[in-house]
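Read the structure below first, then the notes.
The values are calculated or read from the model by the stated rules, or taken from the named source; none is laboratory data. Keep in mind it's a predicted model, so treat the numbers as computed, not measured. We place every Cβ from the backbone using ideal geometry, glycine too, and count neighbours over all the protein chains shown. To get the accessible areas, we keep the full protein, side chains included, count just its heavy atoms, and leave off ligands, DNA and RNA. Shrake-Rupley method; radii C 1.70, N 1.55, O 1.52, S 1.80 Å.
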Amino acid sequence: MGEVKLLGTRHSPYLHRVIWALKLKGIPYEFIEQDLDNKSPLLLQSNPVHKKIPVLIHGGNPIAESVIILEYIEEKWPQNPLLPSDPYEKAVARFWVKFADEKGLSISKVLQSSGEEQEKARKESLEMLEIIEEHAPGLGQKKFFGGDKIGMVDLTLGRLAHWMGVTEEVTGVKIMEAGKFPRLEAWMKNFKEDPVIKENLPEFKDTLAVMKRHRETLLASK
Amino acid sequence: MAKSDVKLLGAWTSPFAMRPRIALNIKSVDYEFQEEDWLVSKSELLLKSNPVHKKVPVLIHAGNPICESLIIVQYIDEVWSSGPSILPSDPYDRATARFWSAYIDDKWFPSMVAFLFAQEEDAKKAAIAQMEEGLVPLEEAFGKCSKGKAFFGGDRIGFLDIAFGCFLGWLRVIEKAGGIELLNETQTPSPLKWAERFSSDIAVKELLPDTDKLAEFRKKAQAKMTANN
């Protein structure tokens, strides 16, 4: 079927969505680490429009944008499905994938800003958590959003399992108060303890160091 | 399928609401349309069916609400699978269609909004420049996706045609207001010709709003939003 290459940076939450999908489906791939300060010809050629990671290259064909990559992987390798087969349930899952993908950006903004801008991002992040806690179907009843097995919604929300904690520690800003989101907290525990996820998360202290530097560089340039 | 089984909450002014309507037309599905006069108020049904975003479009099929325009289009494609296909069949082609649809929504559409809400001349000029620049990649995208055929989707209109084509109504309002040609012979000759074909397509024709009526609506909306602030 052609070899699979994955372009990314080691501590990217978006990269990890794709790693987890490939690992859950047992697809071998070659990881090619990228330096975003010095973009490689391969990256520029594979994602000329956005010049961002992750990019999946399958049999020479590049696919960009993590959620689009997940849909591609799901269609190309149907084993261990990440989406329900029923069209309505699939549409509901896609809704929450989109929600998690778009609203999750607020957490990045908390890391990347300070003062009023950061406070606004914190409030938006909190609102995202509140909506998921209240409205996301299956949360609290099943182990994962995907049911008994991890699915695409779980992967897209994976940011909460590692990067949100890193952001909170780097900035000193609390996003998720303990005890306020019982269903989400239970999900996070299940997600982090899953063997595939556990084995494919960077070390907390390493991501912490990288994100700390990233924040310092960004704020210095403002 | 009984007409009452399929209901669409939308608005004639919303390009997003147009997307599922085109899809339902392609599949020859009868449906009940409920116009949401969102400048005035949102219906109970809309608030109940889309509690998270409270926006159109929402498709209600056999009592189940489906939200987000492109998610609805994919749902329609999957449920009414005996009709003409909307998404390409090859996974890589599907990824390409999804990529450009996301580009239009995430990168290009915000510049359109920026123009429509801009008060100062400088802001308007900047937004127009951004819109023009944003359209340029679509020339190459058309070549890649259409593979020499009439539409992004090939012989018939497909996912990306719908995703982009729904904006033609507002695009024309902006072109008239700004005295410009956003789609033009120099930079975007293929999309320019495609726009004509798309607008005349039987699944689309009746749905594209009249440019003058839309411009009128814009004035009304601007007045109302200024009054509210």
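Miscellaneous remarks
- Assigned charges on the beta-carbon of Lys, Arg, Asp, Glu; chain B dipole about Cα centre (debye): 340
- Volume in Å³ per residue [convex hull over Cα atoms, computed for chain A]: 127
- This model, with +1 at the C-beta of Lys and Arg and -1 at the C-beta of Asp and Glu, gives the protein assembly as shown a dipole about its Cα centre of some 360 debye.
- Cβ neighbours within 10 Å from other chains - mean over A:92-99: 4
- A simple spin-label model places the labels of B:ALA62 and A:LYS205 5.5 nm from each other, with each point 7 Å out along Cα-to-Cβ.
- Viscosity 1.306 mPa s, temperature 10 °C, Stokes-Einstein D of the stretch B:102-179 from Kirkwood C-alpha radius, µm²/s: 119
- Distant-in-sequence amide contacts of B:VAL58, defined by a placed amide H-H separation under 5 Å and a gap of 5 or more residues or a different chain, comprise B:LEU9.
- Rel. contact order, % - alpha carbon contacts under 8 angstrom, at least six apart, the stretch B:117-229: 26
- Axial C-alpha extent at least 27 Å, average Kyte-Doolittle at least -1.0 - helices from chain A (DSSP): none
- A straight line joining the Cα centroids of the stretch A:1-40 and the stretch A:90-131 runs 24 Å.
- Counting, for every residue in B:73-86, the Cβ atoms of other protein chains within 10 Å of its Cβ and taking the mean gives 2.
- Residue-wise HN-Hα coupling along the stretch A:42-58, computed from phi with Karplus coefficients 6.51, -1.76, 1.60 (Hz; x: Gly, Pro): 4, 5, 5, 6, 7, 9, x, 6, 9, 6, 10, 10, x, 10, 9, 10, 10
- B/A buried area, accessible surface, summed, 1.4 Å probe, Å²: 2200
- As a length-normalised measure over Cα pairs under 8 Å and 6 or more apart, the relative contact order of the stretch A:25-64 settles at 27 percent.
- For A:ARG17, solvent-accessible area (1.4 Å; no DNA, RNA or ligand), Å²: 10
- Surface share of carbon and sulfur [accessible, 1.4 angstrom probe, percent] for the stretch A:94-219: 50
- Computed over chain A, relative contact order equals 20 percent, with contacts defined as Cα pairs under 8 Å that lie 6+ residues apart.
- For the peptide B:92-101, the mean number of other protein chain Cβ atoms found within 10 angstrom of a residue's Cβ is 5.
- In the context of the full protein assembly, B:LEU138 retains an accessible surface of approximately 0 Å², using a probe radius of 1.4 Å and ignoring ligands and nucleic acids.
- Loop-exposed GluC sites (Glu not before Pro) per DSSP, neighbour cap 12 Cβ within 10 angstrom, longest uninterrupted part of chain B: B:1-119
- Helix-only arithmetic for the protein assembly as shown: the sum of -39500 (n - 2.57) across DSSP H runs with n ≥ 4, divided by the residue total, places the mean residue ellipticity at 222 nm at -17000 deg cm²/dmol.
- Per residue accessible area in Å² of the stretch A:1-123, where ligands, DNA and RNA are left out and the probe is 1.4 Å: 45
- The percentage of C-alpha pairs in the stretch A:103-161 whose separation is greater than 14 Å is 60%.
- Whole-percent carbon and sulfur share, accessible surface of chain B, 1.4 Å: 51
- Dipole magnitude (debye, nearest 20) for the stretch A:112-169, charges at Cβ of Lys, Arg, Asp, Glu: 360
- Within straight-line cross-link reach of B:LYS54, lysines at Cα separation under 21 Å, skipping those fewer than 8 residues along the same chain: A:LYS90, A:LYS98, A:LYS103, A:LYS123, B:LYS7, B:LYS42, B:LYS224
- Here the gap between B:GLU185 and B:LEU47, fully extended at 0.36 nm per residue and compared with their Cα-Cα distance, gives a gain of 45.3 nm.
- The alpha-carbon of A:LYS23 sits under 20 angstrom from the alpha-carbons of these aspartates and glutamates, leaving out residues fewer than 8 places away in its chain: A:GLU3, A:GLU33, A:GLU65, A:GLU71, A:GLU74, A:GLU75, A:ASP148, A:ASP154, A:GLU193, A:ASP194, A:GLU199, A:GLU203.
- Measuring max minus min along each principal axis, the C-alpha atoms of the stretch B:111-229 give extents of 48, 30, 21 Å (largest first).
- The stretch A:95-222: Rg to Rh, with Rh as the Kirkwood radius over Cα pairs: 0.97
- Stokes-Einstein translational diffusion, the protein assembly as shown - Kirkwood Rh over all Cα pairs, 0.890 mPa s, 25 °C, in µm²/s: 105
- Alpha-carbon centroid distance for the pair the stretch A:43-82 / the stretch B:1-49, whole angstrom: 33
- Between A:LYS180, A:LYS143, A:LYS192, the GNM of chain A built on Cα springs shorter than 10 angstrom shows A:LYS180 fluctuating the most.
- Debye intensity ratio in log₁₀ form over the Cα atoms of chain B, taken at each q of 0.16 Å⁻¹: -1.20
- Most positive-pole-ward Cα, A:ALA100, B:PRO137, B:ILE72, against dipole of the protein assembly as shown from beta carbon charges: A:ALA100
- Accessible surface ranking for B:SER85, B:SER69, A:SER221, 1.4 angstrom probe, highest first: A:SER221, B:SER85, B:SER69.
- Alpha-carbon centroid distance for the pair the stretch B:133-161 / the stretch A:149-222, whole angstrom: 39
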